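Engineer: Dumping the structure here so I can ask a few things about it.
The values are calculated or read from the model by the stated rules, or taken from the named source; none is laboratory data. Predicted, not measured: the structure shown is a model, and the values here were computed from it. For neighbour counting, all protein chains shown are included, and Cβ atoms are generated from backbone atoms with ideal geometry for every residue, glycine included. When the accessible area is computed, the model is the full protein with side chains, heavy atoms only, and any ligands, DNA or RNA have been set aside. Shrake-Rupley method; radii C 1.70, N 1.55, O 1.52, S 1.80 Å.
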Amino acid sequence: MSRFIIRGGKTLAGTIAVRGAKNHAIKIFPACLLFSKPIVVKNVPGIEDVLRTHELLRDLGFLVEDQGERTYRIVPPARVAASSLRRDIAERIRASILFVGPLLVRQGRAEFPFPGGCVIGRRPIDLFLDGWRSMGIEVRESGGIFRLKATRVRGADYTFRIVSHTATESLLMTAVLAEGTTILRNAALDPEIAALADFLNASGASITGAGTPTIRIEGMSGTLLKGGTCTVIPDRLETGSFAILASILGKKIRITDCNPQHVEVLLQHLRTAGVSIRQGMDWIEIKRPLRLTAVGVRTREYPGFATDHQAPFVVLLTQATGQAMVFETVFEGRLSYLEELNRMGACITQCDLHRTIVNGPTRLRGRAMESPDLRTGIAFVIAALVAKGTSSIGNIYQIDRGYEQLDERLRALGADIKRE
Ligand code: EPU
């Protein structure tokens, strides 16, 4: 098992390019189940979660051709090879559940285990199950395996009880091949959803309103999409992680190939903390201030402050002057890393499962840590780069799940980080 060995305290400078969005790419590959002809996907990030979705596709009989330069060509089989998802992989990534709706409309049935992924709370799947039931799909569960069956999938008028990013995408994809019209209300607004709908529309689907709370899908009654090309949008979560890192350590860092609009709320928080930010259409330039000022944050669904930026932002707050409250409203298990930062020298008091108070500035000291999940992993990397002395971060598979060759890219900014 590799680890990152990081010697902290160095100022960073230079340019870092953002890769394609994990949370867009890993939805495009399951969407390939809706097609009868090849699909070309460009700007695919070289991350572990993408490789897992390729494994799931191959297992269903799809050809996955790596054409180089971050481009993949997916060739659908005449007949999908199975109606169940490979259990070992499905249990590892949350996005495996995105395969289920398209698989069901192709096969008339689908079997899958409870999906895995980052351990950041309970992460139930009740919204997916409710939504599928509303479309006339029979849902059963026994021994931890869910079994879905439907001879006909009907469009439905469905209101999400809670705003959910992947449940919105899942029902949207299920509805594309269903009979009749589906209306999804209280849908999530994340840019990856609109990007997914744009791709499906360009390939012949009829989806309006993606990116707004009400999405309307005219079902194609089983007629498969013909093939198409998709370019993965820039990763806003990676963009934000780099923006936070630059705000603490950046003499001057230019983040390129990104969409600043997708991280505007984070940039506003950074500006309030005193960070100097310039931005263009697809770049952001950040200079750390002489002194960061504490600013409170409350996570929310998009376009609010992303829950995925919460842990890296807490690291920033350990370096800011003053006291700030961090309120994690989306997941109930996303503050479990705080003790680790306190062991590095931070002064953080957790109030309850959702709220914490950070006092700063504090001097962090390097330590040996394990990365429990992807976004905590990047927060630990940032903390280690800030800290005095050497840190070692284990379980970096979790970081490789979502950040392509992070060590190499940070070294180009002057960071002392190596993979051992
Ligand atoms: N929820 C339910 N029932 C469900 C589904 C969700 O109660 O059936 C709850 C969740 O427990 C949570 C809330 O709804 O409290 C919102 O969660 P959501 O479903 O929106 O999250 P997700 O779709 O599972 C995606 C991203 C996450 C990101 C969240 C929030 C993917 C594959 N994952 O998760 O990304 O944190 O939206 O924006 O798109 C990451 O990239 O590291 C990551 C965890």
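Engineer: Within segment 137-154, does at least one residue satisfy the condition of being in the same structural domain as Val100 (by TED's automatic domain parsing), within 16 Å of the ligand (Cβ to nearest atom) and not in a strand (DSSP E or B)?
Structural biologist: Yes - at least one qualifying residue is present in segment 137-154.
Engineer: Give me the residue from segment 298-314 that is in contact (Cβ under 8 Å) with a residue 40 or more places away in the chain and open to solvent by 20 Å² or more (accessible area, probe 1.4 Å) and, out of that set, farthest from the ligand (Cβ to nearest atom).
Structural biologist: Taking the candidates together, the pick is Pro303.
Engineer: Of the residues that make up segment 165-172, is at least one within 21 Å of Pro191 (Cβ to Cβ), outside any strand (DSSP E or B), over 17 Å from the mean Cα position of the chain (by Cα) and away from the ligand (no atom under 12 Å from the Cβ)?
Structural biologist: The answer is yes; a qualifying residue exists.
Engineer: Given the conditions (1) within 26 Å of the chain's Cα centre (by Cα); (2) more than 20 Å from Arg401 (Cα to Cα); (3) open to solvent by less than 20 Å² (accessible area, probe 1.4 Å); (4) more than 10 Å from the ligand (Cβ to nearest atom), which single one is not true for Gly131?
Structural biologist: Result: Gly131 fails condition (4) only.
Engineer: Scan (1) under 19 Å from Val44 (Cβ atoms); (2) open to solvent by less than 10 Å² (accessible area, probe 1.4 Å) for the single condition Ala383 breaks and write down its number.
Structural biologist: For Ala383, the failing item is (1).
Engineer: Shifting gears a bit: For the condition within 10 Å of the ligand (Cβ to nearest atom), of a type in the set (A, V, I, L, M, F, W, C), under 24 Å from Glu301 (Cα atoms) and surrounded by fewer than 20 Cβ atoms within 10 Å (Cβ to Cβ), what is the one hit in Ile93, Ile162, Ile97?
Structural biologist: Selected residue: Ile162, the only one of Ile93, Ile162, Ile97 that is within 10 Å of the ligand (Cβ to nearest atom), of a type in the set (A, V, I, L, M, F, W, C), under 24 Å from Glu301 (Cα atoms) and surrounded by fewer than 20 Cβ atoms within 10 Å (Cβ to Cβ).
Engineer: Could you please find all residues in segment 17-47 being within 13 Å of the ligand (Cβ to nearest atom) and either closer than 18 Å to Ala188 by Cβ or assigned to a helix (DSSP H, G or I) (or both)?
Structural biologist: Ala21, Lys22, Asn23, His24, Ala25, Ile26, Lys27, Ile28, Phe29, Pro30 - these are the residues of segment 17-47 that are within 13 Å of the ligand (Cβ to nearest atom) and either closer than 18 Å to Ala188 by Cβ or assigned to a helix (DSSP H, G or I) (or both).
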